[in-house]
Amino acid sequence: MAFAKIKTTQNAFLETNLRGTGRSLSAAQATALYGIQNIRARMTELRQAGLTVRTSKNTEGRTTYAVSARNVAGSRAYTFN
């Protein structure tokens, strides 16, 4: 299965494509679309960097991840550049 080639770090890519967009991503989608094998670890790294990561269940009962526009301090400043 082909996936999009990421030209930045996975964390920067996830922040850019999920932060404040209202989109969410499951582990299966991350692997199939972007080649990200361990989305849970990437989300943990985003949390440790101070971003607010929300988890929910999709219709198949799998965990999906979304990133809030604001970080834990309430700022919209970017973390990974």
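All of the numbers you see were taken from the coordinates with simple rules; none came from a lab. All of these numbers come straight from a predicted model, not from anything done at the bench. FYI the Cβ positions are ideal-geometry reconstructions off the backbone, even for glycines, and counts take in every protein chain you see.
I'd like the FRET efficiency for Thr16 and Ser75, computed as 1/(1 + (r/R0)^6) with the beta carbon distance as r and R0 of 22 Å, rounded to 0.05. Don't skip to the answer; put the middle values down first.
Working: r = 16 Å, r/R0 = 0.75.
Calculated transfer efficiency: 0.85.
Amide H contacts for Ser26 (H built 1.01 Å from N in the peptide plane; partners 5 or more residues away or on another chain; cut-off under 5 Å): Tyr65. Magnitude of the charge dipole for the chain, about its Cα centre and with charges confined to Cβ atoms of Lys, Arg (+1) and Asp, Glu (-1), is about 100 debye. Calculated from the structure at hand, Cα Rg over 2.2 N^0.38 Å is found among (1) 1.65; (2) 1.04; (3) 0.97 as (2).
Taking label positions 7 Å along the Cα-Cβ direction at both Gln48 and Arg23, the computed distance is 2.6 nm, reported to one decimal.
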